[in-house]
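All remarks here apply to the structure that follows.
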Amino acid sequence: MSQLLTGIALTIEYIAVFVLVAGFCTIIFINIPKGYSAYKNNSSNDLYTVIREMRLHLGQTLLLGLEILIVSEVIFSVSHRTLEEVSILGLTVLVRVGLSFFLNLELDHINSAKKYES
């Protein structure tokens with residue numbers, strides 16, 4: 001049973017890495033051409049909008065990846081019930097919750113700036 005849960009946790013970690021890499025590649029391949037055309041047209045407002053959208057999508061991708069990694073950590077700690085693993089899980093969740101909180105603040109700030117400019 002422990003090996004099965006460890007395998008599931010490892011699979012979920014691979015999924016999280018895939019989500020992060022795929023999200024980053026999508027952000028780059030979609031927004032680099034937009035940014036280049038805004039730069040080529042000397043449109044600083046459009047370039048700023050593209051950069052803001054990139055930051056927003058990158059933050060959302062990071063949040064999704066962090067949430068998936070937290071799930072894998074919980075499953076891994078269930079399969080290895082030691083005090084050391086539970087304390088590592090607690091510290092990991094605290095760090096990731098803190099990162100998620102501040103990323104959400106940043107994303108809210110970007111969204112409010114986007115709505116204000118529209």
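Anything in region 11-28 that is more than 15 Å from PHE76 (Cβ to Cβ), crowded, with 17+ Cβ neighbours inside 10 Å and either without any contact (Cβ under 8 Å) to a residue 24 or more places away in the chain or not small (Gly, Ala, Ser) (or both)? List them, or say none. Within region 11-28, VAL19, LEU20, ILE27 meet the criteria. Scan region 73-81 and give yes if some residue there is loosely packed, with under 12 Cβ neighbours inside 10 Å, under 30 Å from GLN3 (Cα atoms) and not aromatic (Phe, Trp, Tyr), otherwise no. Yes, region 73-81 contains at least one residue that is loosely packed, with under 12 Cβ neighbours inside 10 Å, under 30 Å from GLN3 (Cα atoms) and not aromatic (Phe, Trp, Tyr).
For PHE102, indicate whether it is modelled with pLDDT of 80 or more, of a type in the set (Phe, Trp, Tyr) and crowded, with 16+ Cβ neighbours inside 10 Å. The answer is no for PHE102. Condition test on LEU63, is it under 20 Å from ASP108 (Cα atoms) and either touching a strand residue (DSSP E or B) at 6+ places or on another chain (Cβ under 6 Å) or not hydroxyl-bearing (Ser, Thr, Tyr) (or both)? Considered against the rule, which asks whether it is under 20 Å from ASP108 (Cα atoms) and either touching a strand residue (DSSP E or B) at 6+ places or on another chain (Cβ under 6 Å) or not hydroxyl-bearing (Ser, Thr, Tyr) (or both), LEU63 comes out as yes.
State yes or no: is SER37 under 30 Å from THR6 (Cα atoms), out of contact with any Pro (no Cβ under 9 Å at 6 or more places or on another chain), in a helix (DSSP H, G or I) and among the hydroxyl-bearing types (Ser, Thr, Tyr)? Talk me through it step by step, then tell me what you get.
Numbers: under 30 Å from THR6 (Cα atoms): no; out of contact with any Pro (no Cβ under 9 Å at 6 or more places or on another chain): yes; in a helix (DSSP H, G or I): yes; among the hydroxyl-bearing types (Ser, Thr, Tyr): yes.
For SER37, the condition - under 30 Å from THR6 (Cα atoms), out of contact with any Pro (no Cβ under 9 Å at 6 or more places or on another chain), in a helix (DSSP H, G or I) and among the hydroxyl-bearing types (Ser, Thr, Tyr) - is not met.
Residues that are under 23 Å from LEU4 (Cβ atoms), free of Cβ contacts under 8 Å to residues at least 60 places away in the same chain, exposed (fewer than 15 other Cβ atoms within 10 Å of the Cβ) and among the aliphatic types (A, V, I, L, M) are absent from region 105-116 altogether.
Scan region 67-83 and tell me whether some residue there is acidic (Asp, Glu) and touching a residue at least 24 places away in the same chain (Cβ under 8 Å).
The answer is yes; a qualifying residue exists.
The values are calculated or read from the model by the stated rules, or taken from the named source; none is laboratory data. Because the structure is predicted, anything quoted here is derived from the model rather than measured. Note that we place each Cβ from the backbone using ideal geometry, even for glycine, and neighbour counts take in every protein chain shown.
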